[in-house]
Amino acid sequence: MSATKSVLPTKVTFPHQFTAMSGNLFVPPNAEKGKRYPALVVSHPFGGVKEQTAGLYAEKMAEKGYVTLAYDASHQGESGGFPRDIEDPNRRMEDIRCAIDYLTTLPNVDEERIGLLGICAGGHYSLGVGPTETRAKAIAAVSLWDLGMMARNGFPVPYDAAAMLVEIGKQRTREARGETIRKDPSFLEQKPKDIPLIIEESYDYYRTPRAQHANSRSVFKFTDFARLMDYNYYWQIEKISPRPILFVVGSEAATLFMSKAGYEKASDPKEWFEIPGATHHRLYDDAEFVPKVVAKLDEFFVSGLQGG
């Protein structure tokens, strides 16, 4: 597949039960009427929205000849859902299923050639839903971030998970009695000094003109940390086989070990694609690295979706 003409998104909505999901749909340039194309569901990072890295990859993959759908998670961005700003793994995985549902209704999509592409947390949700969502014929994760491991163990800043669970229980009791829902910021207003590089990278991506977006609120419902602690994206990852999976990582990414844990447990066919010199966030939008990622993704999905 190859194409050079740029593509523009069409704003679409689709249902997740009683919630209206918001997405940007991209189609290949010069798409032929009556032809069915391979399609990709593109899932965004924790705290992100469809207009950021997910939208960039959706656009680039559409240029390669795929129908792509970047969407806002339910309760986030322009998608509906109350309360706002929740991070519930079950909801996030159902979002992916509903996105596939939507793609199967489109006349230009070949429902037998649908793949999943997730960036950061979107990658771990894509692999988490993969074992039981067999309509996804191939799954790729770029710069995967394991929120479950982060919540259980503390990453990159360690904390007392047991004490956190006690506080979550108290907060749920307060909210059950009518008190305000607690939401915590992903970032402080001012970037602290002497923070881990991965957090500094996050600031530079989400809180500067590089990728800042009004819909990317970077706050989360505090009590959802307990739900994240329950979640392990690779606990049955081997059941994705014989459908192929791909991990794309930067050699300098602080999160590389999160992908390695899933890769080691996964069954064949599986691929590991490591980009020298890249950090976690540089795979989001860096002009030096994104073309390399896109080329590998195209190669993977051409094969994984059986000839595209």
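The values are calculated or read from the model by the stated rules, or taken from the named source; none is laboratory data. Only a predicted model underlies this, so the values are computations on that prediction, with no experimental measurement involved. Please note: Cβ atoms are built from the backbone with ideal geometry, for glycine as well, and neighbour counts cover all protein chains shown. Areas reflect the complete protein model, heavy atoms only, side chains present, ligands, DNA and RNA absent. Shrake-Rupley method; radii C 1.70, N 1.55, O 1.52, S 1.80 Å.
Taking Cα centre as origin and charging only the Cβ of basic (Lys, Arg, +1) and acidic (Asp, Glu, -1) residues, the dipole magnitude of the chain rounds to 500 debye. Charging the Cβ of each Asp and Glu at -1 and of each Lys and Arg at +1, and nothing else, the dipole of segment 139-263 about its Cα centre rounds to 420 debye.
Starting from the Cα gyration tensor of segment 108-193, take the square roots of the eigenvalues, sort them a ≥ b ≥ c, and report rounded, prolate or oblate (rounded when a/c is under 1.5, otherwise prolate if a/b is larger than b/c, else oblate). Because a/c hits 1.5 or more and a/b exceeds b/c, segment 108-193 counts as prolate. For the chain, the carbon plus sulfur part of the accessible surface works out to 52%, probe radius 1.4 Å. Divide by every residue of the chain the summed helix terms, -39500 (n - 2.57) for each DSSP H run of at least 4, and state the resulting mean residue ellipticity at 222 nm, rounded to the nearest 500 deg cm²/dmol. -10000 deg cm²/dmol, from helical runs alone. Rolling a 1.4 Å probe over the protein chains gives Asp230 an accessible area of about 140 Å².
What is segment 163-285 by shape, rounded, prolate or oblate, if you read a ≥ b ≥ c off the alpha carbon gyration tensor as root eigenvalues and call it rounded for a/c under 1.5, prolate for a/b larger than b/c, and oblate otherwise? Because a/c hits 1.5 or more and a/b fails to exceed b/c, segment 163-285 counts as oblate. Across the options Pro15, Ser79, Leu165, the greatest Cα extent toward the positive end of the charge dipole of the chain (unit charges at beta carbon of Lys, Arg, Asp, Glu) belongs to Pro15.
The mean accessible area for residues of the chain, using a 1.4 Å probe and ignoring ligands and nucleic acids, is 43 Å² per residue.
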